[in-house]
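Worksheet for the structure shown next.
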Amino acid sequence: MVSKQAFLCSLGSIYLSLLFVFLLMDVYARPANNSALKEKGVDKDENEILPRDHLNGVKMEMDGHLNKDFHQEVFLGKEMEEFDEDSEPRRNRKKLMAIFAKVDVNNDKKISAKEMQRWIMEKTEEHFQEAVKENKMHFRAVDPDGDGLVSWDEYKVKFLASKGHNEKEVAEKIKNNEELKIDEETLEVLDNLKDRWYQADNPPADLLLNEEEFLSFLHPEHSRGMLKFMVKEIVRDLDQDGDKKLVLSEFISLPVGTVENQQAQDIDDDWVKDRKKEFEEVIDANHDGIVTMEELEEYMDPMNEYNALNEAKQMIAVADENQNHHLEMEEILKYGEYFTGSKLMDYARNVHEEF
């Protein structure tokens, strides 16, 4: 006869096994090609020296996905992290009201498209300055001799070390022109990185990057030449007929990966819908059904003032309930989640208290 203790232990084992299965199901149900998830899985050392998929204040990811956080990034700037899902709603409302007062330059209690445009450009510049600041630290990590220049071989050593290779052994083999044992996937990444390295290396090309060039390597939005290269890479990945242009069917093609359940199907459906809207209403500037590299480059340029004005008008239109083409305090608080990514709970009750 089975004892009560043995029975409970058996029951506990079954529970843990089921929990593990459910966790696995959750992992495999997630959509393919998710940039945010990929970056969370990157090793800290690797994250310091690898160009990231996600660039703050840029409308599209490096892998061709739309930047889902773009509205919040250009509205909040470096204050984005302060708006946390777990933070107190009243505190978030007060922060949002303080931002409203800063955007409303002429103090007429409403935000115009021009005021929002100025604010977007200001917040984008904040992201630029943050990237410059981080780049100083990352550059020091790959410039061990401190001579202000990083060679491709120096970078390659650091990159392979971040992948688990012995740094001293790799450096010695590269120095002696000996063959390195690298798996195919890592080799492919290295080849792509070397292409980017060449692009970031201003003439005369010497495969040595200074701090400014290294910034362009990690953050292509900081260089017109690297932005062109980034656009070229995105078009290459999406262009199915090789004409170096994109039609709607190419732009909305689902990412690599199979739909495994209804939740993933819904996410993919939203993905297609969002991309279709962006293609037709924003990227395809002349509405001829074709997106050229030039159009995509203009769309991607974070310092394009015309884009900033268009973005300002779109952001206002989302919350402009009285249709006066301006944003008022009540409207921005009511649509706070759109602007901050955080739910401002109990809006109806609290808005009167705040005023």
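No lab work stands behind these numbers, since they all come straight from the coordinates. Nothing here was measured: the structure is a model prediction, and the numbers come from that model. Note that we place each Cβ from the backbone using ideal geometry, even for glycine, and neighbour counts take in every protein chain shown.
Below are the figures for this structure:
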read-out	value
Computed Kirkwood radius, in angstrom, where 1/r is averaged over Cα pairs of segment 80-202	19.0
Highest to lowest packing among 273-284, 56-67, scored as the average C-beta count within 10 Å	56-67, 273-284
Contour minus Cα-Cα distance for Lys181 and Leu149 (0.36 nm per residue)	8.8 nm
Burial ranking of peptide ranges 285-293, 307-315, 148-156 (average Cβ count within 10 Å, highest at the top)	307-315, 148-156, 285-293
Relative contact order for segment 79-218, counting Cα pairs under 8 Å that sit 6 or more residues apart, in percent	20
Rounded to whole Hz, the Karplus (6.51, -1.76, 1.60) HN-Hα couplings of segment 272-287, x for glycine and proline	5, 4, 5, 5, 4, 5, 5, 4, 6, 9, 10, 6, 6, 4, 9, 6
Vicinal HN-Hα couplings computed from phi for segment 125-132 (Karplus, 6.51 cos²θ - 1.76 cosθ + 1.60; Hz; Gly/Pro x)	4, 4, 4, 4, 5, 5, 5, 4
Whole-number D in µm²/s for segment 62-143 (Stokes-Einstein; Kirkwood sum over Cα pairs; 10 °C, 1.306 mPa s)	107
At 0.692 mPa s and 37 °C, Stokes diffusion of segment 265-313 via Kirkwood alpha-carbon radius, µm² per second	278
Pair Asn192, Glu330: separation of 7 Å Cα→Cβ label points (nm)	5.0
Interchain or long-range residues, amide H under 5 Å from Met60's placed H	Asn67
Exceeding the 21 Å Cα-Cα cut-off - candidates Lys110/Lys276; Lys173/Lys194; Lys194/Lys232; Lys102/Lys123; Lys123/Lys276; Lys136/Lys158	Lys110/Lys276; Lys123/Lys276
Over 31 Å (Cα to Cα) - which of Lys78/Lys114; Lys59/Lys244; Lys244/Lys273 fall in this group	none
